[in-house]
1. When the stretch 176-200 is examined, which residues are found to be open to solvent by less than 60 Å² (accessible area, probe 1.4 Å) and in contact with a strand residue (DSSP E or B) (Cβ under 9 Å, 6 or more places away or on another chain)?
2. Going through the stretch 75-95 one residue at a time, which ones are out of contact with any Phe, Trp or Tyr (no Cβ under 8 Å at 6 or more places or on another chain), hydrophobic (A, V, I, L, M, F, W, C) and within 26 Å of residue 17 (Cα to Cα)?
3. Scan the stretch 6-26 and give yes if some residue there is of a type in the set (S, T, N, Q), under 30 Å from residue 223 (Cβ atoms) and in contact (Cβ under 8 Å) with a residue 12 or more places away in the chain, otherwise no.
4. If we scan the stretch 132-144, do we find a residue that is open to solvent by less than 60 Å² (accessible area, probe 1.4 Å) and of a type in the set (Lys, Arg)?
5. For the stretch 201-231, give me each residue that is farther than 16 Å from residue 4 by Cβ and in contact with a strand residue (DSSP E or B) (Cβ under 6 Å, 6 or more places away or on another chain).
6. Please list, ordered by residue number, the helices (runs of 4 or more DSSP H) wholly in the stretch 1-113 having 2 or more residues that are surrounded by fewer than 18 Cβ atoms within 10 Å (Cβ to Cβ) and small (Gly, Ala, Ser).
7. Considering only residues that are among the hydrophobic types (A, V, I, L, M, F, W, C) and assigned to a loop (DSSP other than H, G, I, E, B), which ones fall in the stretch 162-220?
8. Hey, can you tell me all the residues within the stretch 213-231 that are open to solvent by 100 Å² or more (accessible area, probe 1.4 Å) and hydroxyl-bearing (Ser, Thr, Tyr)?
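The values are calculated or read from the model by the stated rules, or taken from the named source; none is laboratory data. For clarity, every value in this text was computed on a predicted model and none was experimentally measured. Ideal geometry is used to build each Cβ from the backbone, glycine not excepted, and the neighbour counts take in all protein chains shown. Remember, those area values only see protein heavy atoms, side chains included, never the ligands or the DNA or RNA. Shrake-Rupley method; radii C 1.70, N 1.55, O 1.52, S 1.80 Å.
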Amino acid sequence: LSERSDVIKTLVAGGGRLIDTAPSYGKAEERLGDILKDTGLRDKIFLATKVRVADRESSVAEMQSGLKKLQVNKLDLMQLHNVRDPNQSLDLLRDWKAQGLCRYIGITSSFDRDYDAVEACVKKQKPDFFQIDYSLVDRNSEERLIPAAADAGCAILTNLPFGRGKFFQKIAGKPLPDMAKEIDCTSWAQFALKWLLGHPAITAVIPGTDKAQYMTDNLKAGMGRLPDPAM
């Protein structure tokens, strides 16, 4: 846990706040709960997790299990994970919000095949948050989903900013372009993250790392100049 703890300490020290997890990420909720308790950093973190699409009883059980593993009695954000029904209801999440179990509610998607359904759900349900994978090497959500979420008033979180490593494969051995200097960019990771952070609709980016040195580098993407739409 010490290495993971160092990553979270580095995040907070560098001005970062958002940590996004899920019950389907192995023991992530449990480990994160231990770290937040041991470090005393819970109040410094915007804590987000998810619940899978299921019947009401199963969803409630998974939510309660998540709270127990995270060692908290309320969350900043609860998201319905991988929505695939255009008529998906968020009434249960709204009930949890009304009860004070979470401050915000959202939906996520990871599968291109579900994007039509997700777009319809975003437009109908207008969740507080919308999370989608988006990067320089995966722009499938760019044309319709992100604009739809922005029009619905959602805060937008993007994950997989390096396309599961595909971005680094494409730029391997290549120098940063001269334009990187114009946006105070000193690494390819920062380049990929600043491209996302410069998007006017995007609220936050979730790189995901287990090394403090990578967290330090990623955090620099939030400093200095960002690309404007023209760039």
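1. Selection gives 192, 193, 196, 197, 199.
2. 75, 80, 83, 90, 93
3. Yes, the conditions are met somewhere in the stretch 6-26.
4. No, because not a single residue in the stretch 132-144 is open to solvent by less than 60 Å² (accessible area, probe 1.4 Å) and of a type in the set (Lys, Arg).
5. 201, 202, 203, 204, 205 - these are the residues of the stretch 201-231 that are farther than 16 Å from residue 4 by Cβ and in contact with a strand residue (DSSP E or B) (Cβ under 6 Å, 6 or more places away or on another chain).
6. 2-13, 56-70
7. 162, 172, 176, 185, 201
8. Selection gives 214 alone.
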